[in-house]
1. Select from the stretch 95-118 the residues that are surrounded by fewer than 18 Cβ atoms within 10 Å (Cβ to Cβ) and out of contact with any helix residue (DSSP H, G or I) (no Cβ under 7 Å at 6 or more places or on another chain) and write down the one among them that is modelled with the highest pLDDT.
2. Need at least 1 residues that are farther than 26 Å from LYS142 by Cα per element, so show me which strands (runs of 3 or more DSSP E) inside the stretch 32-117 make the cut, counting only ones lying wholly within it.
3. Restricting to the stretch 121-152, what's the tally of residues that are farther than 30 Å from ASP68 by Cβ and assigned to a loop (DSSP other than H, G, I, E, B)?
Amino acid sequence: MNKQAPPPSTKEIVARINTIIPSSFVDGPGHRFVVFFQGCNLDCSYCHNPETKRDVPFTAFTVDELLDSVVMELPFIDGVTFSGGECTLQPAFIEAFSKSLAQKSGSSGSKVKLILDTNGCFNQEVYSQLKNCIQGFILDIKAISATVHQKLTGVHNQLILDNALQMARDGLLVEVRTVLVPGDNDTPVELNSLRKFYQQLKDYNQGNEIKFRLIESSNMER
């Protein structure tokens, strides 16, 4: 009988990290430690962090190394946010880090919440892997129209909208953001579709409050 290989240790699981911001009040509720992962599966024309989707040098962190950085900030923060790029491209790291964070912060008497800032473009397998090891999602919805979304990102949006509804059903949707791109997703038709979809998410979210934000685009790459 073949023996099953043991899972990799937290010293072996590595993430590609672009930037770390130890103190932020704009990347989720409260005072947060924010990690920007390298790599993205969308190609947004107005990307706010274009350096995270390009082939540029990055820093490799093990779970233990990143946890050590977070532990130093535990007395001052309310939570940790994984952003990017697209953090869900590295689900094994997120799962391992979440377990280590829960153990470390729980032993200090103040369990720190982990939130993922995501574009929502991931399959059901990844969602199932992540939903039980985090405390919420911040979701960027680029557009409701499939045609507009394809133009802005190069990717169809049906999977993203389906994931948004699932997040709401599971009570995990903390915040929804849409960057308004002049002439594309700020038309009356698109804005009305956004409003209706936002209301649907609110109705699904098990009574939990969802923060909705419309943001004017200030970083156009046309």
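1. LYS99
2. Values: elements: 32-37, 59-62, 79-83.
Because the criterion is at least 1 residues that are farther than 26 Å from LYS142 by Cα, the strands (runs of 3 or more DSSP E) in the stretch 32-117 that meet it are 59-62.
3. So the count comes out to 7.
The values are calculated or read from the model by the stated rules, or taken from the named source; none is laboratory data. For clarity, every value in this text was computed on a predicted model and none was experimentally measured. Note: ideal-geometry Cβ built from the backbone for every residue, glycine included; neighbour counts use all protein chains shown.
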